[in-house]
1. Between A:Gly97, A:Gly109, A:Gly142, which gets the highest mean-square fluctuation from a Gaussian network model of chain A, Cα cutoff 10 Å?
2. If R0 is 22 Å, what FRET efficiency do you get for D:Lys120 and B:Ser66 from their C-beta distance, rounded to 0.05?
3. Run the numbers on the stretch C:3-179 and let me know its relative contact order in percent, using alpha-carbon pairs under 8 Å that are six or more apart.
4. Only Cα pairs under 8 Å and at least 6 apart count here; give the relative contact order of the stretch D:154-294 as a rounded whole percent.
5. Apply the Karplus parameterisation 6.51 cos²θ - 1.76 cosθ + 1.60, with θ equal to phi minus 60°, to every residue of the stretch B:50-62 and state each ³J(HN,Hα) to the nearest whole Hz, in sequence, with x for glycine and proline.
6. For chain B, modelled as a Gaussian network with Cα springs under 10 Å, which listed residue fluctuates most, B:Gly258, B:Gly237, B:Gly184?
7. Considering amide H positions built from the backbone, and no H for Pro or chain starts, which residues 5 or more places from C:Glu169, or on another chain, come under 5 Å of its amide H?
8. HN-Hα J couplings of the stretch B:333-342 from phi, Karplus 6.51/-1.76/1.60, θ = phi - 60°, integer Hz, Gly and Pro as x?
Amino acid sequence: MLGMTDGGVFSENFLRSRLDVGYNRPMLQTARPKKKSQPKAPAHEKYLEAFRWMLLTRTFEEKLASMYRGGRITGGVYIGKGQEAVSVACGIFLQKGDIFAPLIRDQAGRSAFGEPLVDVARTYLGSRAGPMRGRDGNIHRGKPRDGQLAMISHLGAMVSVVVGSLMAKRGRGEKNFIGLTTIGEGGMQTGASHEGMNIAAVEHVPLVVVATNNHYAYSTPNDREFACANLVDRARGYGFEGYELDGTDLAACLDVIGTAVKRARAGRPPQLVVASILRLAGHGEHDDFSYVTDDIRREPFAIDCLQRTEAVIRERELADAETLKRWREEAAEDVENAFSAAQREPVPSGDDEDWSAISRRDLVDEIGEGGSS
Amino acid sequence: MLGMTDGGVFSENFLRSRLDVGYNRPMLQTARPKKKSQPKAPAHEKYLEAFRWMLLTRTFEEKLASMYRGGRITGGVYIGKGQEAVSVACGIFLQKGDIFAPLIRDQAGRSAFGEPLVDVARTYLGSRAGPMRGRDGNIHRGKPRDGQLAMISHLGAMVSVVVGSLMAKRGRGEKNFIGLTTIGEGGMQTGASHEGMNIAAVEHVPLVVVATNNHYAYSTPNDREFACANLVDRARGYGFEGYELDGTDLAACLDVIGTAVKRARAGRPPQLVVASILRLAGHGEHDDFSYVTDDIRREPFAIDCLQRTEAVIRERELADAETLKRWREEAAEDVENAFSAAQREPVPSGDDEDWSAISRRDLVDEIGEGGSS
Amino acid sequence: MSITYLEAIREAQAKLLHDDKRVFIYGQDVGGSFGGAFKATKGLAKEFPGRVLNTPISEDAMVGTAIGAALEGMRPIVEMQFADFSSVALNQILNNAGTHYWRTNIPVPITVRLPSGGTKGSGPFHSQSMESLYAHYPGLIVMTPATVEDAYTMLIDAVAIDDPVVFCEHKYLYYHLKADNLPNDGMPVGKARIARPGRDLTIVSYSAMLHESLSAAEEIAKEGFEIEVVDLRTVKPLDTATVLASVARTGRLLAVGESFPWGGVTAEVIARVSAEGFHLLDAAPARINAKDTPIPYHPNLWSTHRPSSKAIAAKARKILRE
Amino acid sequence: MSITYLEAIREAQAKLLHDDKRVFIYGQDVGGSFGGAFKATKGLAKEFPGRVLNTPISEDAMVGTAIGAALEGMRPIVEMQFADFSSVALNQILNNAGTHYWRTNIPVPITVRLPSGGTKGSGPFHSQSMESLYAHYPGLIVMTPATVEDAYTMLIDAVAIDDPVVFCEHKYLYYHLKADNLPNDGMPVGKARIARPGRDLTIVSYSAMLHESLSAAEEIAKEGFEIEVVDLRTVKPLDTATVLASVARTGRLLAVGESFPWGGVTAEVIARVSAEGFHLLDAAPARINAKDTPIPYHPNLWSTHRPSSKAIAAKARKILRE
Ligand SMILES: Cc1ncc(C[n+]2csc(CCOP(=O)(O)OP(=O)(O)O)c2C)c(N)n1
Ligand SMILES: Cc1ncc(C[n+]2csc(CCOP(=O)(O)OP(=O)(O)O)c2C)c(N)n1
Ligand SMILES: [Mg+2]
Ligand SMILES: [Mg+2]
């Protein structure tokens, strides 16, 4: 079954070898993982690179959460604890010219695709120097000119936006680009995500949708979200190629998402990856996630992907203890730098703000100021 | 494969016998029909009853179309030519206490479920005595108190409405009821239909969704509507049981939709039937459907179900020529009566109208009259 | 005893569930041990098993389902997680629930709760006030309670009404507003309230802006002016009579709302008073709304974007000088 | 040569496709040999292969796709089959397109065409005027052309504007309105037009209601009154200056719109004039809208539901007597 990790040694060109098989095969059946997949033994740069992004993300988000608890962040804080392996795999295969439309729990992927950490800090702190300039906050950020779309909250809405961007690129004659967007199992139940996935298939754009079933939408468990046996079965209904994925296994994430990215790039139909994971934090940091049952915490998908990855690294001696320690220190330093830089920057002020919702200043409605000025 | 006609003789209790198998089986795989299904040989009352509803519908809609051409109908006229077999099967198994939410091309089903033809004529003519009292027209009609929901135009919106009605019935302790709603292959691409189907499965209500792929949404052929190999594959993605259906074959329609209805009634998961057919008229009577290609007109699904049914009846001598003639005459008479009754009735007048959009007259906004009075 | 605006909403729902078997609550995260993003249904799923149901993230279907249940005699309350997400249910609300009675003679008794309005750091998609969109279309009652008491009695009223009700509860008031106890009866639905009597200027407001308006009035009272403050309570129907009677007393009008400036409640109030009470006005009527941009995240921007008591007072002074 | 309002829209799109490689048209049934439910894109798919594309029945995704393409430099025109169906795309229009520039500094140059307004026998779901919903939210330009010439030049303007434009074209005018030829240039975007000069009363209107207002003015001219008729052309931005200048001349104001009465364009016009031009008014301003019910199917009801020139004339006479 294509797109699945096979438990074997993960070689330098694992992606290419899979693709050589895949290209000439008929549309994939949706794939199911073998029970109890074994951690891979990836003697591979990409694996270590991915681990470092994961580590950086975890370090950053722990700091962010502690700042939230200290009352230093306005509004919510949303972290991706436990989802770093899936997320990093979403960003790490993307190239300049690709489009990435991340959602809530995608810091690792955002970083791997090139978002500077300082921009995250800036957005949470509302810095004027940040991409959102204090106008929008937390996860609602992006730099569309760099292919990083800025999500709106309404789940599912970004899927069709990526489709349109890809159509435009194709229309312009660009080559070798793809788009990747993420969604939760909850977001898959919105009408917008349905319309977006269907139109992607109709337009046959090189899109990868990575859906993460982290077993909850906020406090709502799967049984009140959907009733199909497996969400990957939706792939076939849209004309996507579909894959299941153990999201705690970084090698599997790199393998499956990497394959999906390659296949999309090669002109295959849109790709759906459904990863299984447990969200290891609250929906946001305000949420104590006491609704997560003990039973579910004991499920195999409840493993911490970061710990699992580190265990593989140690076990297979892919990096020694000292290197790991250095990486950890470097991550802490990067995080420190990001926050301290952002903290020094000015925040917006209502009086200096350019209060115009449109770019054509001559067309701004004369309705008057409004607000408290 | 359950839910599929098997080419054998269609016995009086064909439904029961299928169900005896079906109840204890695990969730159905989506079923595919055998190539070139043979017309069945149904020595069966239901078959003839269904034929008569189909005949009545065809006769009615031909008259309606001719009135439209004569300029005697305001607004559009939407007929179901070629879809009568599917439609009648949607209505004929429903009982008092069931909910039917038909859409555009469902006259046969509406009639079979008990809608008097005169109400159709009244709605097209805007009679004050009709269920919509001239306020809404053509296919936008219903009598919710009788389980006949009044569609809004926005495709897909009625699916979740049926779900809610079924939940209420279950909550009240009613037994043995189901809901059936229809949709086109075009309507299946709306976000509303997705959300409705998903929520139906989550709530595990006794719902049957009959989707008719008539190969066009207005002028748009299938390849610009969806890109999956077969729409019935969506069933699995929602946790529905799914069936394909040759919509030109009345016996198959009765068999498959009848089975789905029985299974829903028996507490199985929601049911999706995807029928294949060609729309044999314009989207509305204003439309010359010149975009329908010659190739597609030669496809097996382009057969006229009414002619096919009549051929079976003649060939198997289920009714003699005289009986057929009498039925035809009776249909013409019923149609004549419906229109002439409706035509004698008063139409609304703006001055006498009760212009209130809410039932609580004491809460009507004091904004004043508006309009031209 | 002290009870917040949010608790009042919870208590109203508890009472409704208790008193009326037809009531159920449908929304994201309302059930289980969780009780909703704002805890407006905390404990209710346990107290009323099977009647407080979590839904998929499917706002269109949530409302559609409620409509269907209402047609079969139920009294569903739909909780939107944030008002802003009702944009994807708007079609069901306007075109299905809103048209049903007029088309078929059968009303659709659903109540859609919209946690509305701005709070610090909530940004463009968790801060909106959507009452004007819903009030513009026919067929709906749109409630905008400004007090703990109203939050309680009006929600009970909403569910009793046979027609669809959009219930705009203000998130800023959830915790900020407290009352000593809950009333048994409220004012009649659709009637505005004189929240503060005065004689020099009428401020018409509703929801969170009522409180900004009241502070402004308080402040200006020190300057010797008595401002009358009208709380609309429902924006549809809009109680023109009470507003006109107030303007008849004061001769001056300022309409204050938190939603976007183009159209909407404040425009409607001014249009009515100008059209029906023109001779009552001694000065030009005025209005204050939020600015015509999305609602900003950063508190500095947000507090400039939304009308403040200071801005209201400044505007009021200007009108008083005319 | 004689060209209809509908043909002008087709011609504008043909010109846009011809002149600007970034333009494409996206909508249900716009492509193939069909050319749209109203034939506004007739022949264009053939003339411009691959640039006039049929879509699935997925309004949300149609707009989302257009937004994405616009971000990558395209100039998409989305055709809604009927304005009414844009209710299910409203979220993308308001919350995605409408907020994008403000949030990211990058505008979203999409044009969403809404075949709007009532015609005989079209009923509640094929007759709506939705300009007020879109104008209420920040970030959008909302155009409502009333003439063949404007339909042409304003659609060309719409596509040229870097910000999202909601283009409300009126179905009643499609065939009823003819011009001799198409202009090269129109008035500047956002400027209202004096459609008929006068001195006794200003009627402010737009889209199909402009023509009802003009007939009313014509009729009342026989009685010796000269009514000035202002065509707003765009309802957002709304050209307050032109409206105020007209009221300065006439001292009287009647605002006429076809959409629902609560809030919306006519309320906004009256609110602006009352607030900013109070001293200009010699009589109470007034408005006429459609009735506050869904739009009826039967022509007898429909013609009562919508404002007619007769009703406008009657109201005008009343204001003139004051
Ligand atoms: C249309 C819509 N409705 C409601 C919300 C509020 N909301 C934000 S995140 C969330 C849960 C999302 O669950 P899921 O998609 O599974 O993603 P996860 O948070 O588990 O990563 C909800 C309900 C929203 N953002 N959009
Ligand atoms: C949400 C929405 N968008 C557009 C329309 C306009 N419309 C009415 S029928 C139709 C085509 C429907 O196609 P399909 O669902 O396949 O049904 P069929 O007409 O073929 O029976 C369209 C686009 C609509 N009714 N609803
Ligand atoms: Mg989740
Ligand atoms: Mg079809």
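Values quoted throughout were computed directly from the atomic coordinates according to the rules given, and no laboratory measurement underlies them. All figures in this text were calculated on a predicted structure; none of them were measured in a lab. A quick note on method: Cβ atoms are made from the backbone with ideal geometry, for glycine too, and the neighbour counts reach across all protein chains shown.
1. A:Gly97
2. Once the sixth-power term is evaluated, E becomes 0.60.
3. 26 percent
4. Dividing the mean separation by the residue count of the stretch D:154-294 yields 23 percent.
5. With coefficients 6.51, -1.76 and 1.60, one gets 4, 4, 5, 5, 5, 5, 4, 4, 4, 4, 4, 6, 5 Hz.
6. B:Gly237
7. The list, which skips near neighbours in sequence, is C:Leu114, C:Ser116.
8. 5, 4, 5, 4, 4, 4, 5, 6, 4, 4
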